[in-house]
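The values are calculated or read from the model by the stated rules, or taken from the named source; none is laboratory data. Model, not experiment: these values are computed from the prediction. Every residue, glycine as well, gets a Cβ built from its backbone with ideal geometry; the counts of neighbours run over all protein chains shown.
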Amino acid sequence: MDNLQQQLRGALIKRALGCLEEEETNEFTVDNGVRTLVKVRTAKKYYPPDLSAVKMLLDGVRTYADYSDEELEAESTRLMEELRREIINDTDPLQD
């Protein structure tokens, strides 16, 4: 999964779960052509969970029952190869 897809999935998960965002607003005055910061306001805004985002995430979930025999074999081979590399490199595959 490339970086853009990961960012989009992360944003979708954030929207599905809901979140609390902090928003900053700056107020300036201009005096003799010089812009001066007068006030900084910080507000917190709550975004409730979005059911359409939840549905999009769940629609994209594919279980192993949905795979063909060939796809299962390919996935098994891929996972075994990944496990072999992790053992050779002596790293914990669950620590990524």
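Tell me which residues, restricted to the range 45-80, are surrounded by 11 or more Cβ atoms within 10 Å (Cβ to Cβ), farther than 21 Å from residue 7 by Cα and acidic (Asp, Glu).
71, 73, 75
Among the listed residues 54, 40, which satisfies the condition of being part of a strand (DSSP E or B) and among the aliphatic types (A, V, I, L, M)?
Just a single option satisfies the conditions, and that option is 40.
What is the one condition in (1) at pLDDT 90 or above; (2) part of a helix (DSSP H, G or I); (3) of a type in the set (A, V, I, L, M, F, W, C) that residue 30 does not satisfy?
Among (1) at pLDDT 90 or above; (2) part of a helix (DSSP H, G or I); (3) of a type in the set (A, V, I, L, M, F, W, C), the lone unmet condition for residue 30 is (2).
Could you say which residue among 43, 74 is touching an Asp or Glu at 6+ places or on another chain (Cβ under 7 Å), at pLDDT 85 or above and among the small types (Gly, Ala, Ser)?
After ruling out the rest, the residue left standing is 43.
Search the range 3-25 for residues being under 8 Å from the mean Cα position of the chain (by Cα) and among the small types (Gly, Ala, Ser), and hand back the single one that is farthest from residue 39 (Cα to Cα).
Only one residue tops the list, namely 10.
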